[in-house]
Amino acid sequence: MHRIIDGDTLEVRGDGRVLPKDTVARVRLLEIDTPEGGACFADDATARTATLLPPGSHIRAERDVELTDRYDRYLLYVWNEQGTFVNEALVRSGHAEAVLYPSNDKYWTRISDAEDAAQQAGAGLWTACPEQPETSLAPPDSPAPARPDLPGGPPAGVPDVDCSDLSGPVWVGPDDPHRLDRDGDGIGCEAN
């Protein structure tokens, strides 16, 4: 283990098995999503990941169908030195949501069952974070205003993107599939 970026993103030194030997690679944990920095429960999720994967510890990593995403992050399942399946543990404790990005679905049943258990128990973010009502920047049936001075945010359907993966602010509009917009103004990653 090298360092934790946020609840679902880490940097790992490769051992030559899944990751290139002696290189530091950015890893995105598969089939989960933790709250973005500044959002409700984001600090708790990052702290839980750091507890499960302390700096200097060794991990066991496993890939699925797709090894990397378009942001050059390695998409992996991770187990800590004690044999804990970290992706599942974060969901089971309510520090992450289960999110499926086909075709990487090897442990989907196990991880989605963990989410069901966390929701039923009211664990973590399921009770700590009040549901935010959807807010719209435009009246119904009118197009959302665009910001031509900002690049468009990442589309829905790609593996989850965090602000740490982007070089600066992006326009996400009223639909923010990656939850990059903390204040609901249509601009994501304003702190970048």
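Just to be sure, is Ala50 closer than 26 Å to Leu180 by Cα and buried (at least 21 other Cβ atoms within 10 Å of the Cβ)?
Criteria not met by Ala50.
Looking at the stretch 122-142, can you tell me whether even one residue there is exposed (fewer than 15 other Cβ atoms within 10 Å of the Cβ), out of contact with any strand residue (DSSP E or B) (no Cβ under 7 Å at 6 or more places or on another chain), modelled with pLDDT of 95 or more and among the charged types (D, E, K, R)?
So far as the stretch 122-142 goes, no, none of its residues is exposed (fewer than 15 other Cβ atoms within 10 Å of the Cβ), out of contact with any strand residue (DSSP E or B) (no Cβ under 7 Å at 6 or more places or on another chain), modelled with pLDDT of 95 or more and among the charged types (D, E, K, R).
What residue, of Asp15, Asp44, Asp72, Asp22, is open to solvent by 30 Å² or more (accessible area, probe 1.4 Å) and in a helix (DSSP H, G or I)?
It is Asp44.
Hey, among the residues in the stretch 93-117 that are touching a strand residue (DSSP E or B) at 6+ places or on another chain (Cβ under 9 Å) and part of a helix (DSSP H, G or I), which one's most open to solvent (accessible area, probe 1.4 Å)?
So the residue we want is Arg110.
Residue by residue through the stretch 1-12, note down the ones that are open to solvent by less than 10 Å² (accessible area, probe 1.4 Å) and not in a loop (DSSP other than H, G, I, E, B).
Residues satisfying the conditions are Thr9, Leu10, Val12.
Which of the residues that make up the stretch 75-92 are in a loop (DSSP other than H, G, I, E, B) and open to solvent by 40 Å² or more (accessible area, probe 1.4 Å)?
The answer is Glu81, Gln82, Gly83, Thr84.
Are any residues in the stretch 151-169 at pLDDT 75 or above, out of contact with any Cys (no Cβ under 6 Å at 6 or more places or on another chain) and not small (Gly, Ala, Ser), and if so, which ones?
Once the filter is applied, which keeps residues that are at pLDDT 75 or above, out of contact with any Cys (no Cβ under 6 Å at 6 or more places or on another chain) and not small (Gly, Ala, Ser), the stretch 151-169 yields Pro151, Pro154, Val161, Asp162, Asp165.
The values are calculated or read from the model by the stated rules, or taken from the named source; none is laboratory data. Everything numeric in this text was worked out from a predicted model, so none of it was measured. As a convention, Cβ positions derive from the backbone with ideal geometry for all residues, glycine included, and neighbour counts pool all protein chains shown. Heads up: the accessible areas ignore ligands, DNA and RNA and are worked out on the full protein's heavy atoms, side chains in. Shrake-Rupley method; radii C 1.70, N 1.55, O 1.52, S 1.80 Å.
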